[in-house]
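Single-structure report; data block below.
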Amino acid sequence: MKPVVHDFPHRAATALADEQLQGALRQARGGFVDKRRKALEALPEYPQIRAAAADIRAHSLAHLDFYLERFAERAEACGTRVHWARDGAEARQIITDICREADARKVIKGKTMVGEEIDINGALEEANLEVLETDLGEYIIQLAKETPSHIIAPAVHKNRAQISSLFARAHEKLGYKEAVTGIAEIVGRAREVLRQGFLQADVGITGANFLVAETGSMVLVTNEGNGDLTSSLPDTHIVLTSIEKVVPTLDDATTLLRVLARSATGQPITSYTSFYTGPRRADDADGPSEMHVVLLDNGRSRMLGGDYAEMLRCIRCGACLNHCPVYGSLGGHAYGWVYPGPMGAVLSPLLLGLPEAAHLPNACTLNGHCAEVCPVGIPLPDMSRKLRQEEQAEGLGSRRDRALLKVWSYVARHPRLYHGLAGCAAPLLRWLCRSGMIHFVPGLGTLLAARACPAPEGHSFHRLWQKKSAERTS
Ligand code: SF4
């Protein structure tokens, strides 16, 4: 997936004007949030588990070199071949070479955001391999030739009618004459079509949620079971993941699993939680005869020990996306790369470089909700704010925005001037809002197209507060 993050303002405006997308987002909104809330209400010890999860991630990152080496040692002892990739190009080459050595023609894939990050499908297709996505959401967007719009629900932006017509077009050539429209029928059709893919594939590629240093195991969670079929039916299994996923022990992995599923989908545990520890052994009934793990850096080691190292704690639960009003209004494609929402607004500039993605930290209202729901306590709003400061310091924003911020900074540092201007602005704003003239103020058109604009009281907060205090003391 090629990043196009510099285009954020244009993409955001397009997303806001897309009625079908807005309908799909409205439908999705609230579902994840309610499920997470109910799951956490049923777990009174959640604050303690969350603190433990944050500690595990912080400890793992502080000793990342040690735990990665231990993981690699144990994984190799179990027969897994470990590959290190400095960047996307190296990872693509490694995986393509493994497929060539396996004499593969067909590859099946489970959902992997690291795979999206390095555009592994593009590389495999260039090498004349047939790639089939097996996660239902990923399969839908593969048919639509789109990219994921959510890290755990890639096709959340699609409605049922769109999926039905995608299936009708794609499956006609497979001999299916009837369109499927109901949810159960759609899922049944996907199952039938994908089953052939599972049986014919030479190589299976999955991601991993965690790597366990203690045992050399890779942990994968799914709700569809496609991960297990992808990993065990083809003769070669490749796990594509990134270096920060390592944790010291199995106990640590299970602590993280307790917060991951609840934060992501509101489940106590995902339907399938699998631990892969090496290829098939002599007395195993099934499984791949070769197992590889590709450990991608791609800018992560640069973040270690720096101001943004805490971002590497992320366990990709998606809770920050689900609670973000900006993501909820735009969906994921506006962010222009694989990682959307609050985590993407911080991570993308760190992986791609701030000049490439300087708009993203500004796609945040700083309401703080993302940090509250993050199961590993990542201070996302603080990081967005810091990235904005760097954007300003490096002169990356538009000249107009930088000039406005300089004026604001001057006013905010001079209380008399601030109060004088606020005293004039409040009645003016009230008149503009009540008369509807606010929509004609240059520069506010796009902003107000997607927001309500209630008329303010007509006095500044400070004046109202003084008035109330005076009333209380008199
Ligand atoms: S930043 Fe936190 S809430 Fe967002 S995806 Fe990562 S772990 Fe989940």
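Quick note: the coordinates plus some simple rules give every number you see, no bench work behind them. Predicted model, so just to flag it, every value in this text is computed and none were measured. A quick note on method: Cβ atoms are made from the backbone with ideal geometry, for glycine too, and the neighbour counts reach across all protein chains shown.
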Checklist entry - Against the longest principal axis of the chain, how steep is helix 19-28, in degrees 0 to 90 to the nearest 10, with axes from Cα atoms? => result 80
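What's the extension gain from Lys145 to Val187 if we count 0.36 nm per residue and subtract their Cα-Cα distance?
Full-extension gain reported as 13.2 nm.
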Next on the checklist: Let me make sure I get this right: for the range 176-264, a, b and c are the square roots of the gyration tensor eigenvalues over alpha carbons, sorted descending. Under 1.5 in a/c it's rounded, otherwise prolate if a/b > b/c, else oblate. Which is it?
Outcome noted: oblate
Next on the checklist: Let me test this: with uniform point scatterers at the alpha carbons of the range 159-200, what is the Debye-based log₁₀ I(q)/I(0) at q = 0.23 1/Å?
Outcome noted: -0.74
Checklist entry - Among the trypsin sites (Lys or Arg not before Pro) within the range 409-458, which fall in a DSSP loop and have no more than 16 other Cβ atoms within 10 Å of their own Cβ? => result Arg413, Arg451
Next on the checklist: Which cysteines in the chain lack any other cysteine whose Cβ sits under 4.7 Å from their own Cβ?
Outcome noted: Cys78, Cys99, Cys314, Cys317, Cys324, Cys364, Cys374, Cys424, Cys433, Cys453
Checklist entry - Within a Cβ distance under 10 Å of Glu214, other residues only, what is the Lys/Arg minus Asp/Glu net charge? => result 0
Checklist entry - What does the charge count near Thr80 come to, summing +1 for each Lys or Arg and -1 for each Asp or Glu among other residues with Cβ under 10 Å from its Cβ? => result 0
Next on the checklist: Output the 0 to 90 degree angle, nearest 10, between the alpha-carbon long axis of helix 399-412 and the longest principal axis computed from the alpha carbons of the chain.
Outcome noted: 50
Item to check | Radius 14 Å from Cβ of His462, net charge of other residues (Lys, Arg +1; Asp, Glu -1) | outcome: +3
Checklist entry - Got the relative contact order for the range 62-183 handy, in percent, Cα pairs under 8 Å and 6 or more residues apart? => result 15
Checklist entry - Rounded, prolate or oblate: which fits the chain, taking a ≥ b ≥ c as square roots of the Cα gyration tensor eigenvalues, rounded meaning a/c under 1.5, else prolate when a/b beats b/c? => result prolate
Checklist entry - Among the trypsin sites (Lys or Arg not before Pro) within the range 118-185, which fall in a DSSP loop and have no more than 16 other Cβ atoms within 10 Å of their own Cβ? => result Lys145, Lys173, Lys177
Item to check | Between 0 and 90°, nearest 10: helix 31-41 axis offset from the chain longest Cα axis | outcome: 90
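Before anything else, pin down the relative contact order of the chain: Cα pairs under 8 Å, at least 6 apart, normalised by residue count, whole percent.
21
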Checklist entry - Can you give the relative contact order of the range 240-386 as a percent, counting alpha carbon pairs under 8 Å and 6+ residues apart? => result 22
Checklist entry - Using unit Cβ charges (K, R positive; D, E negative) and no other charged atoms, how large, in debye to the nearest 20, is the dipole of the chain about its Cα centre? => result 2680
Checklist outcome for this item: Counting only DSSP beta bridges fully inside the chain, the antiparallel percentage to nearest 5 is 25
Checklist entry - Of Leu421, Cys433, His459, which is farthest along the charge dipole of the range 400-473 in the positive direction, counting Lys and Arg as +1 and Asp and Glu as -1 at C-beta? => result Leu421
Checklist entry - Say the dipole of the range 139-218 comes from +1 at the beta carbon of Lys and Arg and -1 at that of Asp and Glu; which of Val203, Gly175, Ser217 then lies farthest toward its positive end? => result Gly175
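Classify the range 400-473 as rounded, prolate or oblate from the Cα gyration tensor: take a ≥ b ≥ c as the square roots of its eigenvalues, call it rounded if a/c is under 1.5, otherwise prolate when a/b beats b/c and oblate if not.
It comes out oblate by the Cα gyration axes.
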Next on the checklist: For the range 13-101, compute Rg over Rh where Rg is the Cα radius of gyration and Rh is the Kirkwood radius from the inverse mean 1/r over Cα pairs.
Outcome noted: 1.18
Checklist entry - Where nothing but the Cβ of Lys and Arg (+1) and of Asp and Glu (-1) is charged, how large is the charge dipole of the range 159-200 around its Cα centre, in debye to the nearest 20? => result 80
Next on the checklist: I need the Kirkwood Rh of the range 152-310: take the reciprocal of the average 1/r across all distinct C-alpha pairs and report it in angstrom.
Outcome noted: 18.1
Next on the checklist: Which residue, Ala39, Ile120, Val107, has the largest displacement toward the positive end of the dipole of the range 22-151 when charges sit on each Cβ (Lys, Arg +1; Asp, Glu -1)?
Outcome noted: Ala39
